1. Sort out which residues of segment 83-98 are open to solvent by 10 Å² or more (accessible area, probe 1.4 Å), of a type outside the set (D, E, K, R) and part of a helix (DSSP H, G or I), and write them in order of number.
2. Please give the number of the condition residue 142 fails out of (1) more than 14 Å from the chain's Cα centre (by Cα); (2) buried (at least 17 other Cβ atoms within 10 Å of the Cβ).
3. Check whether at least one residue in segment 113-121 is under 16 Å from the mean Cα position of the chain (by Cα) and more than 25 Å from residue 26 (Cβ to Cβ), and report yes or no.
4. For segment 57-81, how many residues are assigned to a helix (DSSP H, G or I) and either of a type in the set (Val, Ile, Thr) or in contact (Cβ under 8 Å) with a residue 40 or more places away in the chain (or both)?
5. Exactly one of these conditions fails for residue 110: (1) surrounded by fewer than 14 Cβ atoms within 10 Å (Cβ to Cβ); (2) on the phi > 0 side of the Ramachandran plot. Give me its number.
6. Quick one: would you say residue 131 is in a helix (DSSP H, G or I) and either closer than 22 Å to residue 158 by Cα or of a type in the set (Asp, Glu) (or both)?
7. Among 176, 139, which is small (Gly, Ala, Ser), touching a residue at least 40 places away in the same chain (Cβ under 8 Å), in a helix (DSSP H, G or I) and closer than 23 Å to residue 66 by Cα?
8. Quick test for you: out of 169, 154, pick the one residue that is out of contact with any Pro (no Cβ under 9 Å at 6 or more places or on another chain), farther than 30 Å from residue 196 by Cβ and either without any contact (Cβ under 8 Å) to a residue 40 or more places away in the chain or basic (Lys, Arg) (or both).
Amino acid sequence: MLDMEEAEQIEGDIDPLDRALVAHESAAALVAQARALRDPEVTARLVRLVDEEGIDTVAMMWSKAEPHTLPGALWRIYMLREWVKFSAESVARSYHHGVQAAQVRHAIAGVEDPPGPDEVRTLADLILSGVFTGDLAVALERAGAFCRVVATGAAFEAQSDEGHADARAHEATVRAAQLLRTGEELERSAMLWREQKLD
């Protein structure tokens, strides 16, 4: 057992209310400042935020934010970019498989044809730069549509693997479900932004 003096020396985690306040204020300040400056170099640095500061720094700020909030939406877009950056070939393959069944979402997402690794990486950067320079709702919708197309492709891949490579089919099914949920969250955030309720 620790005595009271030793127990008081142990640092606890940040208070959840303080964490939420920091998340919301930092996200709002970042987006507002980037939009006010309209400086391409600032936008490029914000797109590379995770590359330069590390995913842990961004996670510390926004990962616990609710999905239908500005910090929650930013966290999802940064994570989407990270995933695309490190898994571009498999993402492009899933996207390619999903295009035929999700033509409308493909048009919204805006990936160039044919959708290869470079095209999906470029789209991830364009979506993130759109958060800071364009219509945030459009950027969120593009990210959501992208998630839905890749989810459709992952579901197709899972079905193709079923009975042949069950472990891979299971992974693809889980990935499809996660992407579908993320797509829905981003699209809901876009709607809230338009209603001026995304904070």
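1. Listed by number, the residues that qualify are 83, 86, 90, 96, 97.
2. (1)
3. Step one: list which residues in segment 113-121 are under 16 Å from the mean Cα position of the chain (by Cα), which gives 120-121.
From the residues that got through so far, the ones that are more than 25 Å from residue 26 (Cβ to Cβ) too are 120-121.
Yes, segment 113-121 contains a residue that is under 16 Å from the mean Cα position of the chain (by Cα) and more than 25 Å from residue 26 (Cβ to Cβ).
4. Narrowing segment 57-81 to residues assigned to a helix (DSSP H, G or I): 57-62, 70-81.
Applying the additional criterion that residues be either of a type in the set (Val, Ile, Thr) or in contact (Cβ under 8 Å) with a residue 40 or more places away in the chain (or both) yields 57-58, 70-74, 76-78, 80-81.
Looking only at that region, the number is 12.
5. (1)
6. Details: in a helix (DSSP H, G or I): yes; either closer than 22 Å to residue 158 by Cα or of a type in the set (Asp, Glu) (or both): no.
When the stated conditions are applied, residue 131 does not pass them.
7. Details: 176 fails: touching a residue at least 40 places away in the same chain (Cβ under 8 Å).
Step by step, each of 176, 139 is checked, and only 139 is small (Gly, Ala, Ser), touching a residue at least 40 places away in the same chain (Cβ under 8 Å), in a helix (DSSP H, G or I) and closer than 23 Å to residue 66 by Cα.
8. Numbers: 154 fails: either without any contact (Cβ under 8 Å) to a residue 40 or more places away in the chain or basic (Lys, Arg) (or both).
Answer to the check: 169.
The values are calculated or read from the model by the stated rules, or taken from the named source; none is laboratory data. Predicted model, so just to flag it, every value in this text is computed and none were measured. Every residue, glycine as well, gets a Cβ built from its backbone with ideal geometry; the counts of neighbours run over all protein chains shown. With ligands, DNA and RNA removed, areas are computed over all heavy atoms of the protein, side chains included. Shrake-Rupley method; radii C 1.70, N 1.55, O 1.52, S 1.80 Å.
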